[in-house]
Structures are given as C-alpha cells and as structure tokens.
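The values are calculated or read from the model by the stated rules, or taken from the named source; none is laboratory data. Since we're looking at a predicted model, the values are computed, not measured. With ideal geometry, Cβ positions are generated from the backbone for all residues, glycine too; neighbour counts draw on all protein chains shown. We work out accessible area using only protein heavy atoms, side chains counted, and drop any ligands, DNA or RNA first. Shrake-Rupley method; radii C 1.70, N 1.55, O 1.52, S 1.80 Å.
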Amino acid sequence: MKFSIHTLGCKVNQYESEVVAEALEKKGYERASHGEKCDICFINTCAVTEESVRKSLQIIRRAKRLNPDAIIISAGCASQSEDHRARLEEVCDITLGNKNKPQIPDLIEKFVAEKEKISSFVKIGEEKDFEPMTAYTGERTRATLKVQDGCNNFCSYCIIPYVRGRIRSKDFDEAVSEMKFLAEKSGYKEIVLTGIHLDNYGKDIGNVTLMDLLEAAENIDGLERIRLSSLEPVFITEENVERMKKLTKICHHFHLSLQSGCDETLKRMNRHYTTEEYAHCVKLLREAFDDTAITTDIIVGFPGETEEEFQTTMKFAEDIGFMKIHIFPFSERQGTAAAKMEGKLKTEVKNDRVHRLNSIATETRKNFLKEQVGKTVTVLFETEKDGKLHGYTPNYVEVVAEGPKELCNKTAKVCIYTAEEEFVYGKIK
C-alpha cells in the first residue's frame, strides 16, 4: 500500500510527519511519488491562522476527491481544535489531535479490520510528559530534532497553547543520544533543534536548559552545525550570549520572534518585552558574532493598530535590518483574547500594510545579502540543480556555485562575488 503525507505549518509538524512516515515504512508501506494515487493520505494540519485551517480543509477534501478509495487521516492543530474537529471528522476516516501520531500504523490496521471511523483525542492542556518520538528520515544534509512541545505564554492572538498544551521537554540524555545518532551513524552534518517554544526547553525538567543542550552538541563527532529554530527575545541574555561565544558549531542565524515594532501593540498582544529590549538582544548578538543574521515574524493589522503604530513598526523593522521578515495579516482565532478586542481592521487595510511592510523587508534583505559580497564563507551544499550546487552558510544565506555533485552533504569554502534578491553567487575556493 502507498501513502502520501501533506504537512502544513511549523517545523514541529514537519518533524512529526517524518515520524509518521518512518512508522509507516517500518510496517511495509511505500511512500508515493508526487501525484501518484495513494491508499493512505495523511494530512498534518495547522491552526495558527484561519487561512491555515482553510488550507488544511481544502487539502483534505482534495485528497478525498483524487483518492476516493484511500484512507484519509488528519492530525495536528486544526484537528485538536474543537472549533474545527467536526468538519474534519465528516471527511476523514481517522482523526487525531496532537498526540498518538506515531501510532497511526496501528490505527490504520484497526480501521481496516473494523471498518469504523476513528477519532482519538486527549485533553492536551493536561499533558505533562513529552511524547516519545524519533525521526531519522528527512533532508539528506539537515536533520530536525524536536526537543520541546507546548507553550505557556498565552499571547492574546495565539491558539497554540490550547492545541499544543503546556511546555514539555525531551529527556536530556535522550536528546543528546539522538543528536549523536544523527551525526555519527546517519551522517547528518547539521541538526536543527526545534520546538513550539524552544527556549523553554528544560524548564519543566528543572536542572537543564537549552544552553546545556547546545554545549553537549559541541562534543558530538561528525556534527558540524547546530541550528536553532524560532526563539523568544528573552532567551538572548548576556549570560547565554557569553556561553554561545565559546561554541564553534552553533549557527549565527537567530529567528527572534518580534510580532510588532510598537510597544503599545506588544502590550495588547501580551508579549513580554519592549522594542528597546528586543533591540538590545540584537545588539548583543551582533557584537558577539560578526556574521549574525536576524529573521523574524511580524503581525500587521492587530486589533487597535493605528496607522501611527504601524509606521512605528515599519521604522523599527528598517532600523533593525532583518535578513528576512515573515509577515502575517492578523487572523482572528476564536477562544483567544484578541478575538474579543475592539478595533478590528478591514481586510483591505491589513493587506495594504502587508504590502508596505514587505517593501521594507525586501530592502533590508537586499542590503544584508549585498553585505555578503567579498566574504569567504563556509557553505554546506545540499542539492545540485542544472549543473549548479545550492547550499547554505551558517547564517542561512543561500549560496549558488558551480561545482561537482559529489560536494553535496559536504562543506566547502566559497567566495561570494554577487548578490541577487533571494540568494548569492559564489566561487568555490
């Protein structure tokens, strides 16, 4: 039997989809090629915005239409949300939330035997333990390792604490052991540590932190890079930066979630920092590492956001000089504090602000890439396309260079000689 997987949303979802893929392959199922008819269609849903939910439902219905005899399975944040669960259960044969994804092969066997729909959910807010799961498949050069789940922040716009539960961390020794396996046995040169609220790793355990995990990675043979997914600015303290300065494998690409460049908007969002504190974090990183790249997320059109507040955000984004900004128009999520706020903005206003902020983001990215010209950097090459190699620097700049295909999954020194809008060209030394 052949299966397909469609993943929406964050790197945590991507990791968990690979866990499901590996579990299915161990049971003898075969992953289908793109566009091939499937016997099993698994859709790992997202609920971070209403658009994410809409896309999740659209993909599920399309999978059912293209594969009418297939077993349709949904899981993830949209499934976990009670607001959307009934619609998913109508279409899907197996509907799960954010737990028991590794048990999908067993649930398929049960469905085949009993011919009855399956819906399996837990009260995710009551979960206290990190669900054990391991994935050793995925990209050839870069492995993702989920070490944390859940969030305790309750930002006023965000549904994630309700569909992912409270913070939970992977056992420290297990996390280190998996990093060793990925590097020493599976040959991965780079590992990306990911979580719903990654910098909270270890807080529920009590005696370890994310910094301890990074320091342990420093001693793993074969591992050349350790990369962090999204971080909260509060993680960037003087103490943590001093510890990071002693590490040789950490990538100097930091995705620091901003959400707004206006302090009044940040208060309404229930974010726990000011723009001054955020700018100080960026200053600490740039003083510590001369190749620092900062990327971020910004929501525009939050309830009550005035034109003046939005312009403050644009000015702040321009002053910081982000390498990349992920821009989202505010999306109302039922059950959150923001859904009850006054001052909702019209769609056309939000879309206009996305467009205007995107102009700033384009310029700051161009400027950052231009600054790479003339530098000699280390590139981990990943793929070969049309005779050219594509890879990434430690600060996550995409580099294109001519070279032999044998350099894939290897690092090489490259001199950057020109920059485009989204990547740079270099010559292998």
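Taken over the chain, the convex hull of the Cα atoms encloses 150 Å³ per residue. Sort out for me the Cα centre separation of segment 275-302 from segment 126-204, rounded to whole Å. The two parts, judged by their Cα centres, are 23 Å apart.
Once both labels are positioned 7 Å from their Cα atoms along Cα-to-Cβ, the gap between VAL349 and THR292 label points is 3.5 nm.
What does the charge add up to near PRO105, with Lys and Arg as +1, Asp and Glu as -1, over the other residues with Cβ less than 11 Å from its Cβ?
On the way: positive: LYS26, LYS27, LYS101, LYS110; negative: GLU22, GLU25, ASP106, GLU109.
Once all neighbours under 11 Å are counted, the net charge is 0.
Show me the ranking of peptides 331-339, 258-266 by mean Cβ neighbours inside 10 Å, starting with the highest.
Details: 331-339: 16.7, 258-266: 21.8.
Ranking the peptides 331-339, 258-266 by packing returns 258-266, 331-339.
Our compactness index for segment 202-255, the C-alpha radius of gyration over the empirical 2.2 N^0.38 Å, is 1.13. Extension gain for the segment GLU264 to ARG31, taken as residue separation times 0.36 nm less the Cα-Cα distance, is 79.0 nm to one decimal. Kindly provide log₁₀ I(q)/I(0) values, in the same order as q = 0.11 Å⁻¹, from the Debye equation applied to equal alpha-carbon scatterers of segment 81-191. Evaluating at q = 0.11 Å⁻¹ gives log10 I(q)/I(0) of -0.50.
Beyond 24 Å in Cα-Cα separation lie the following of the pairs LYS64/LYS115; LYS11/LYS267; LYS55/LYS170: LYS11/LYS267; LYS55/LYS170. When the Cα centres of segment 324-383 and segment 33-73 are compared, how far apart do they sit, in Å? Distance between centres, Cα-based: 27 Å.
The charge dipole of the chain, taken about the Cα centre with unit charges on the Cβ atoms of Lys, Arg (+1) and Asp, Glu (-1), comes to about 820 debye, rounded to the nearest 20.
Excluding THR194 itself, what net charge comes from residues whose Cβ is under 12 Å from its Cβ, given Lys and Arg +1 and Asp and Glu -1?
Numbers: positive: LYS11, ARG142, LYS146, LYS170, ARG227; negative: GLU16, GLU18, ASP149, ASP199.
Here the count lands on +1.
Computed about the Cα centre, the dipole magnitude for segment 264-350 is approximately 420 debye when only Lys and Arg (+1) and Asp and Glu (-1) carry charge, each at its Cβ.
What's the lysine pair count for segment 300-388 at a Cα cut-off below 17 Å, pairs eight or more apart or interchain? Mind showing how you got there, number by number?
Numbers: LYS315/LYS324; LYS315/LYS366; LYS324/LYS366; LYS324/LYS370; LYS366/LYS375.
Final tally of qualifying lysine pairs is 5.
Taking label points 7 Å from Cα along the Cα-to-Cβ direction, GLU384 and LYS370 give a separation of 3.5 nm.
When cysteine pairs in the chain are screened for C-beta atoms closer than 4.7 angstrom, the residues that find no partner are CYS10, CYS38, CYS41, CYS46, CYS77, CYS92, CYS151, CYS251, CYS262, CYS281, CYS408, CYS415.
Given the convex hull over the Cα atoms of segment 145-208, what projected area results after averaging over all orientations, in nm²? Show your work: numbers first, answer last.
Values: hull surface 19.2 nm².
So the mean shadow area of the Cα hull is 4.8 nm².
If I compute solvent accessible area with a 1.4 Å probe over the protein chains, what percent of it on segment 319-414 is carbon and sulfur? For segment 319-414, the apolar C and S fraction of the accessible surface comes to 49 percent.
Counted by Cβ distance under 11 Å from ILE43, the other residues give a net charge of +4, where Lys and Arg count +1 and Asp and Glu count -1. Here is the size of segment 221-372 from its Cα atoms: Rg then Dmax, 16.6, 55 Å. Relative contact order of the chain, taken over Cα pairs closer than 8 Å and 6 or more residues apart, is 10 percent.
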